[in-house]
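The values are calculated or read from the model by the stated rules, or taken from the named source; none is laboratory data. Keep in mind that this is a model prediction, so the values were computed, not measured. Glycine gets a Cβ as well: all are built from the backbone with ideal geometry, and neighbour counts include every protein chain shown. The protein model used for the area step is the full one, side chains on, heavy atoms only, and it has no ligands, DNA or RNA in it. Shrake-Rupley method; radii C 1.70, N 1.55, O 1.52, S 1.80 Å.
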Amino acid sequence: MQQTARCLILSTLALAGFGCRDASRESGRLDPGADSAISSTVDSAGVEIVSISDLRDFDLPEMDRRLLYSTSADVELHQVAGAVFLPDSSLAVANGGSSQVLLLDSRGNILERRGREGEGPGEYVDIAWIGVGADGVLIVFDDRLRRFTFLDAQGVVTGVRRIEVTEPFVPLAGLPGGEFIAVVETRPFRPLGLQRGPLFLVVVDRAGAVADTLGRWAGKQRYVTPDRMIAVGFAATALYAGRGPHAALATTDSLDVTLYEASAPLTRIRGGHSPRQVTSREREAWTELALDVYPEAVRPAQRRTLEQSAVRDTHPAVGALKVAADGAIWIGGYAGLDDVERNWTVLRRDGTPLGRLRLPVYRPELLKVRESGITGWALVEMETTIPSASHELLDVAADRIAVLRTSELGEEFIEVYEIELPR
C-alpha cells in the first residue's frame, strides 16, 4: 500500500499540481485604501489572491483577552496532543500522557475522562491529533494504530476507522462525507546534502486510502548523509493547520499561505520576507540546544556531526499557523530561542488583516538521551520525519481561544481566554 499511495500521489500531481491554474486575473476585491501594503485579485477559478508586502506594515488593533479559566491547579496534563472547542464551548483535550480525552465544561471543570492505553475501541497508544469535523463530530487520530476514533459530545465512541496510508501522515480537516484532508510526506529517495523533502496535501477517502492530491509543498530543510539526516539551524519548513472543513498550508521562507475549504482553494496569501538576521550568539545557542539532547560523553562526536550541516543566516519569515472555526487564518511570527512571546496576526478568510494578539511561546519538553534511558517527548528543530506543527495556540472558536503553556517546572497546562475580534 505504501508504494501504491506514493504512486498515486506522484501521478496526480501532474493533474492537480499546485500553482498550475490559469494566471488570468479579474479586478481586485480588496480595497487597500491608504494601505498600499495589500492588494487583491481573483483568478479564473475564483480563488482570492492576496498580496501583502509585510504583515508588520499594518497598524492593526491589539486584541484584548480575558482569562476564563486555567487547568494549572485542577487538571494534570502531560504530552497534550491538541484541544478543540465543541459547539457548547466545552473543551476536548487529547492528553497523550494518559491516553485519554478529557472533556471540560465552559468553566474548566472536568465532565468526562474517556480512554486508556490499549488497542481496543476507545483506547489509544499514540494520540497524535484531535479535531472537530465539518459535521461537528469529535475525531481522535492514533498515529501508531493508524486509526481514527469518532466520539459524541459526551466522549462516547461512535465509530472507528483505520487508514491504509503508511507514510508520515497528519489529518487536518474532516469532511461531511467521511473524507479527510491530510498532509502526507513521502521519501522515495534521499539525495545527499542539503535538501527539503516534499509534503503533499491529499484527500483520504472513507476506505482510508489517498484518493486525490491537492498540492505539493517543500518540507523541512535537513542535511542528509549516507546514514542519517541532520538538523539545520533555523531551518525553513512547511506549516499546516485545519479546523472543520478548512485546511491551510504555508511555507516559512516568506509569507505564503493557502486556505482550502474541503478540496477547493479559497484564498492564497503571498508576501515578502523581511528577515531577521541570525546572530553568532544565536548560532552557538542553537548548537548547544541540539547537543544538550545527548550525554556529555558523546557531545564532541555529535558536534562534529552537526558541523556537516548548516545554520541559516536568517530566521524563518513566519513560525506558526492556525485556522479558526470560521476559517479565519492566524499567522504566528517566528519565535527566537530567547523570545517569551509570539505575535499572532489574524486575517479573515479572504486575507483581510483584522488584528494582533501576543501569546506566551509554548516551549515543549526537550528530549534527553541519558544512561538511564530517554526522557522527554519533543525535539526543537530535530524532527526526522514530517515537520511538527506544535505551538501554543490550540484552538480558536467564536470568541474563545485555548492556549497551551508550561510552568517553570515544565508542567503543561491550558488557559482559555475570551477575546474580542475587530469587526
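Of note:
- If the convex hull is drawn through the Cα atoms of the chain, its volume per residue in Å³: 149
- Hull volume per residue, based on the alpha-carbon atoms of segment 226-330 and their convex hull, is 144 Å³.
- Computed helical MRE - 222 nm, the chain, DSSP H runs ≥ 4 contributing -39500 (n - 2.57), nearest 500: -2500 deg cm²/dmol
- Under 11 Å, Cβ to Cβ, from residue 149 - net charge with Lys/Arg +1 and Asp/Glu -1: +2
- At R0 = 45 Å, FRET efficiency that the Cβ-Cβ distance of residue 270 and residue 297 yields, to 0.05: 0.40
- With N the number of residues in segment 183-224, Rg(Cα) / (2.2 N^0.38 Å) evaluates to 1.36.
- The value obtained for segment 296-342, namely the Cα convex hull volume divided by the number of residues, is 143 Å³ per residue.
- Total formal charge among the other residues, if their Cβ is under 12 angstrom from that of residue 212, Lys/Arg +1 and Asp/Glu -1: -2
- Loop-located GluC sites (Glu not before Pro) in segment 77-150 (DSSP state other than H, G, I, E, B) with a sparse environment of at most 15 neighbouring Cβ atoms within 10 Å: 119.
- Neighbour net charge for residue 395 - beta-carbon separation under 10 angstrom, K R +1, D E -1: +3
- For the residues 278, 232, 318, a GNM of the chain with alpha-carbon springs under 10 Å puts the largest fluctuation on 278.
- Label separation (residue 288 vs residue 164): 5.2 nm, computed from points 7 Å beyond Cα along the C-beta direction.
- Taking a ≥ b ≥ c as the square roots of the Cα gyration tensor eigenvalues, segment 101-186 comes out prolate, since a/c reaches at least 1.5 and a/b is larger than b/c.
- Value of relative contact order over segment 116-167, rounded to a whole percent, pairs C-alpha under 8 Å and six or more apart: 25
- The label point for residue 105 and the one for residue 369, both projected 7 Å from the Cα toward the Cβ, are 4.8 nm apart.
- Counting protein heavy atoms only, the chain has 48 percent of its accessible area on carbon and sulfur, 1.4 angstrom probe.
- Residue of 137, 298, 80 that the Gaussian network model of the chain assigns the largest fluctuation, springs spanning Cα pairs under 10 Å: 298
- Using only alpha carbons, segment 43-150 has a radius of gyration to Kirkwood radius ratio (Rg to Rh) of 1.12.
- Low-density loop positions, trypsin sites (Lys or Arg not before Pro), segment 108-161 - DSSP coil, at most 15 other Cβ in 10 Å: 116, 144
- For the chain, the solvent-accessible area of protein heavy atoms averages 44 Å² per residue (probe radius 1.4 Å; ligands and nucleic acids excluded).
- The chain: most fluctuating residue of 118, 355, 208 per GNM, C-alpha cutoff 10 Å: 118
- Between residue 281 and residue 42, full extension at 0.36 nm per residue minus the direct alpha carbon distance yields a gain of 81.6 nm.
- Percent breakdown of C-alpha pair distances by 5 Å bin, ordered from the shortest bin, for segment 192-248: 4, 16, 19, 20, 14, 13, 10, 4, 0
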